[in-house]
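The values are calculated or read from the model by the stated rules, or taken from the named source; none is laboratory data. In this text the structure is predicted, and so the values were computed from the model without any measurement. When we count neighbours, we look across all protein chains shown, and the Cβ atoms used for this are built from the backbone with ideal geometry, even at glycine. Please note that ligands, DNA and RNA were not included when accessible areas were found on the heavy atoms of the full protein model with its side chains. Shrake-Rupley method; radii C 1.70, N 1.55, O 1.52, S 1.80 Å.
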Amino acid sequence: MKRIRSIVRGVGSYLPKRRVTNHDLEKLVETSHDWIVQRTGIEARHIADDHETTSVLGIKAAEAALSDAGLTPDDIDLIVCATSTPDYTFPSTATMIQSGLGMTHGAAFDLQAVCTGFVYAVATADKFLASGSHKRALVIGAETFSRILDWNDRTTCVLFGDGAGAIVLEAQEGEGTSADRGVLTSQLRSDGRHREKLYVDGGPGSTKTTGVLKMEGKEVFRFAVGSVIDVVQDAFTATGTTAEDLTWFVPHQANKRIITASADKLGIAQEKVVITVDRHGNTSAASIPLALDVACKDGRIKRGDLVMLEAIGGGFTWGSALIRW
């Protein structure tokens, strides 16, 4: 049975020019390059300057994705921006990106699922396109996590970075099989009981402050490795595919040890795993689209490839999206 699929027309990203290495952080807190690499796989991250807000990063990533797709803002009628670090409480960062692109039509809104945000945004945009209500969507993950870090906390400040990535999704008719191009399935989960394991200790409705990130690292690691199994396996079941059918596995780039352990548990060969955490750090909702752009630009991800996206974030939230490129 034929059905509307959301195919990927273009991908783009943007990183702040300021690159901070582990050796730079050694001058700021009591840590070491070797310790950070051993525990996380991170070697460097990019940190936004004061004028580089989340919307600024998102606009540049969106422009790159549109250029890659050969489209203009006039061709887009939906923007979904995944972020936990908006410029303002309101208006949404998505509407600021919309304005920055010169768009005065369509719909734009933010989505907040922390590090799983981009997967949630892909799933949401896909539903809009599949319904026939919209034709083309910019799906953006943009973050300035450096704004919500305690730079005296050596256990968290070494982990995160800033950046933005985007893809253009377009509604096209498919045959309704797993051989179709586009988003084949998405699987989303959440469990709000785990708030204190990973959260920001502030907000307009509670402390009237921004707050800073707090994390129980060991608990997050344990939950992350165990939780991704169901959403990935359910994606395989929904599409009649297996780990062997995958061309690429593009997980949230939080920690190299989590990525490696998750791939092993899922039976995904390590050579199929895209890893960029070493150069970007954890950029939350931006990490997957940043990794996608790297793997597309260097020629790894090609048209027809079967690509699994997977993430887990504070809340906890977690999810997957299986895409035929």
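Observations, loosely collected:
- Three-way shape label, region 275-317, alpha-carbon gyration tensor, a/c 1.5: oblate
- Taking amide H positions as modeled 1.01 Å from N, with prolines and chain starts lacking one, the residues under 5 Å from Thr185 and 5 or more places away or on another chain are Leu322.
- Tensor-based shape of region 72-134 (alpha-carbon gyration tensor, a/c under 1.5 rounded, otherwise prolate or oblate): oblate
- Long-range HN-HN contacts of Leu78 with modeled amide H, under 5 Å: Ala107, Arg136, Leu138
- Cβ-placed point charges (K, R +1; D, E -1), dipole of the chain about Cα centre in debye, nearest 20: 280 debye
- Note on region 1-72 and region 196-219: Cα centroid distance 22 Å, given to the nearest whole angstrom.
- The residues of region 105-158 expose, per residue, 34 Å² of accessible area to a 1.4 Å probe.
- What separates the Cα centres of region 123-176 and region 86-116 is a distance of 11 Å.
- Per-residue ellipticity at 222 nm, computed for the chain from helices alone with -39500 (n - 2.57) per DSSP H run of at least four residues, works out to -9500 deg cm²/dmol.
- Rg/Rh ratio calculated on Cα atoms of region 128-167 (Kirkwood radius): 1.30
- Carbon and sulfur %, accessible surface of the chain computed with the full protein complex present, 1.4 Å: 50 percent
- Once each of the GluC sites (Glu not before Pro) sitting in a DSSP loop with at most 15 other beta-carbon atoms within 10 Å is removed, the chain keeps 31-174 as its longest stretch.
- Cα gyration tensor category, rounded, prolate or oblate, for the chain with a/c compared to 1.5: oblate
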